[in-house]
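The values are calculated or read from the model by the stated rules, or taken from the named source; none is laboratory data. Worth saying up front: this structure is predicted, and the values here are computed from it rather than measured. Glycine also receives a Cβ, built like all others from the backbone with ideal geometry; neighbour counts cover every protein chain displayed. All accessible areas refer to the heavy atoms of the entire protein, side chains included, with ligands and DNA or RNA removed. Shrake-Rupley method; radii C 1.70, N 1.55, O 1.52, S 1.80 Å.
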Amino acid sequence: METLFLTIVNMSLTASYVIAIVLLVRLLFKRAPKRYAYLLWAVVLFRLVCPVALSSELSVFNLPSFDMRVAQQESDVALSYIPPEIGTVEQPKITIGIPAMNTQINDSLLADTSGTSGTSSTPVASAHPMQLALALATAVWGIGAALLLSYGAIAYWRLHRRLATAVRLEPGVYESDRISSPFILGLFRPRIYLPFDLEASARAYVLRHERCHLRRGDHLIKAAAFLVLALHWFNPLVWIAFGRMTRDMEMSCDERVLAESGPGSAQAYSACLLALATDRRLPAAGPLAFGESVIGERVRNALRYRQPRRSLVAAFAVLCALVIAACATNPAASSSSGGEERSDLYGSYRFHSQVYMHPLSSAFAGEGYEAQYVLSEHALILADDVRRQDVEIEWQDGQLIDEQTFRDDFGPLSEVGVPELPPYGELYRYVLKEAGATPGYALYLVGDAVWLAELRELEAPERKFRTIWSIFELTRQEEQPVQEVQPHSLVIRGDTQDIDEFMAAQGPFESGYADDTPYNITSTAIREASDYRIFKYDVSSASFLLHGGAAHPLEPWLGGFGVTSMALADLNGDGQQEFYYTYSWGSGMHRSQIGYYDPATGQMETLAYELQQQEMMVTASPDGGLTIWRAKLAPDSRFVDYTMTATELLGRLVYVDGTVELRAEAPDSDHS
């Protein structure tokens, strides 16, 4: 029930904008035939009953005064101002499509929910304040709709009883002495009911008017409109729309009668209207009455009616079609999806300016600060004069966000130094989650600008929260050689994914250590780009490659750390990516080596290059090549959880004359 109520409210909000627009357009159509004003209400009815709509560039919601990005975030065919989970989230937020009002509304919601949450040393079961408010609002809406529908049903039943003595005048037409106005009753077998004692001339006008209603199906339209009104009874604009639609319905029929009756009929027809309005012997028939309450407006419209020229009719028809198309469609997909394709963001950047610094941070980019950045599918590489870092990242789905959501990203300090956003520009956010850690980085596309934000997790009393630590604006530049940007660290965290498959492929294995357990240490980059899986035992560090249903041992491993780093590349150009890795072994004479697995041959190969008493790390470069680094390895509580930190570039791996070689760029005094 609450889901239905929220759907009704969301449709009602969209329809409210459309009603306001139609009311304004009607002022421009003041001298136009009323059939065009009547036709405009069709788009209001559509918005009140249909939650989805096509997107187009013509949509009125593309205007700068609107911001439907959040409302359209879940789907480009439905506008959702109030999310379905609003009753359960800790910080409820809504949007009404107007940026200037969103912040005030959400601040009020936050104050209401936080002010009623309270604190207690004894846990108690309690409902979320917004959930209680939503349940109460749903109940009130249901009661109101039921009362209005009951009123309509009772009025119809009483009217039907009043007409029990009506006399048939001609097929489909009846007279009654218990009504004062003509009207149509019935949905599937409608009848025209007339008061007794109508003069012949007046009766002719009335019958033309009512038959015009029947030809257009107005009796069905008005019944449907009343049903929709009952569902949206809480919206005053819908009541206004219902009243104006009824008037336009009547006056458009009046004009049709005048057009059929010919010149000089306006005065006689107006006299007929006035005569019906002054006959107050009996109560009005109800919602289906002829329209006594607007007789004055109808008489004035009838007296000034003139048959329009064909050119004006064509112009009004075109304008009416444009208004309906603009109001019936959602913002264009381009304005709701925003941003660039993720792959278009890959490349090299340089520091342009500092946009924001957290009040607790001292990381100020002063005059002369320079830095380079490389974004790829699986890595974010940063390099400045102080820090060089290679961060393995997971791109999370991009989102169009509004200003309030952007401010929420700053946590409790969202009012301190938050950068200003363009008034009507798009704001698109990608979260770059650091593999094995949280929260990582965020990339904001602010119009044409690219902002890179570093995220931190801070602690406040009784809770933790994520905040933006700094924001740098970046400028895209030509690709830089990867050697100029040195990676800093690689984080590996073992998990149990695909363990059963590995154990089945490996078969019996004894490492010689008690409680030696295998873990999956495959990096995110390799998981997503291939079917290679790497496993390591947490005590012995024995390492294996799972590929093609077979477990290949990555030996030797005794006395060392086993596999330490990994990367993919097609260096031999055969169209298949080889698996490259570094590993270390030997306790007395510790050494680190480079190996690779060629899927074309199913064989392991080891390079002759060795680094003694130190570790090496292999990384993929944006150009598709591989680089080797001197590195430090810091294990955590077990060999399957560790961090590698690069210290010096050793060289690149190249394929020459059928073999893979390391083109070293460091002295070889410490290797053999």
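Excluding residues fewer than 8 places away in the same chain, name every one of the lysines whose C-alpha is closer than 23 Å to that of Lys433.
List returned: Lys464.
Using the Kirkwood radius over Cα pairs, work out the Stokes-Einstein diffusion coefficient for the stretch 589-656 at 10 °C and 1.306 mPa s, in µm²/s as a whole number.
So the translational diffusion coefficient is about 118 µm²/s.
Between beta-carbons, use under 12 Å as the cut-off and find the net charge around Gly152, counting Lys and Arg +1, Asp and Glu -1.
+2
Show me 219-230, 247-258 ranked by packing, highest mean number of other Cβ atoms within 10 Å first.
Result, highest mean Cβ count within 10 Å first: 247-258, 219-230.
For the stretch 531-607, what % of the accessible area comes from carbon and sulfur atoms, probe 1.4 Å?
47 percent
R0 = 41 Å: FRET efficiency of Leu54 with Val167, Cβ-based, nearest 0.05?
0.20
What ranking do 547-554, 17-24, 627-634 get when scored by the average of other Cβ atoms within 10 Å per residue, highest first?
627-634, 17-24, 547-554
How large is the convex hull of the Cα atoms of the stretch 141-218 per residue, expressed in Å³ as a whole number?
108 Å³
In terms of Cα to Cα distance under 29 Å, which lysines are near enough to Lys34, apart from those fewer than 8 places away along the same chain?
Correct list for Lys34: Lys222.
With r defined as the distance between the Cβ atoms of Met101 and Asp177 and R0 fixed at 51 Å, what FRET efficiency is calculated, to the nearest 0.05?
0.40
Take the alpha carbon gyration tensor of the stretch 171-212, find the square roots of its eigenvalues, order them as a ≥ b ≥ c, and report rounded if a/c is under 1.5; if not, report prolate when a/b exceeds b/c, else oblate.
Note, shape of the stretch 171-212 comes out oblate.
Counting Lys and Arg as +1 and Asp and Glu as -1, what is the net charge of the other residues whose Cβ lies under 9 Å from the Cβ of Ser584?
Once positives and negatives cancel, what remains is 0.
Could you do me a favour and compute the accessible area per residue for the stretch 561-626, 1.4 Å probe, result in Å²?
36 Å²
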